[in-house]
Amino acid sequence: MNQADRKEFDIIHTKIDTIKEDIERMNQDINNAHQKTDENLKFIKESLFNPHEGLWAETKLNTQFREDTKKWRTMITSALVAVFGKWVYDILG
């Protein structure tokens, strides 16, 4: 192996080392990005599907509230119709 071959070998070896370091750095960056994504997805999952505090719980409470108010609205509407009917009956009668 002559001197020129040795220099080319060193240059190639240096480039390979640089590429290897770049790949390792990219792997670390990808792992960090995946970890952040996992944390974000965990936060979103917790915010949506937590049965005590999440959006799912709020939706259940909202549905229950609407069902409860539907009963009272029906009763109040019936009472108002009856009062209006009696008022019309008293005016006409």
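Taken together, the values in this text are just the output of simple stated rules run on the coordinates, not laboratory data. The structure displayed is predicted, hence computed values, not measured ones. Cβ atoms come from the backbone with ideal geometry, glycine included; neighbour counts cover every protein chain shown.
Could you please find all residues in region 38-50 being part of a helix (DSSP H, G or I) and polar (S, T, N, Q)? Once the filter is applied, which keeps residues that are part of a helix (DSSP H, G or I) and polar (S, T, N, Q), region 38-50 yields N40, S47. With respect to the conditions (1) under 30 Å from the mean Cα position of the chain (by Cα); (2) surrounded by 10 or more Cβ atoms within 10 Å (Cβ to Cβ); (3) part of a helix (DSSP H, G or I), E53 falls short on a single one, namely (3). Hey, any hits in region 37-44 for a residue that's surrounded by fewer than 10 Cβ atoms within 10 Å (Cβ to Cβ) and out of contact with any Ser or Thr (no Cβ under 6 Å at 6 or more places or on another chain)? No: zero hits.
Is there a residue in region 68-79 that is within 30 Å of the chain's Cα centre (by Cα), free of Cβ contacts under 8 Å to residues at least 12 places away in the same chain, surrounded by 10 or more Cβ atoms within 10 Å (Cβ to Cβ) and assigned to a helix (DSSP H, G or I)?
yes
Cβ-Cβ distances below 7 Å connect no pair with a first residue in region 16-30 that is assigned to a helix (DSSP H, G or I), a second residue that is of a type in the set (F, W, Y), and a separation of six or more residues or different chains.
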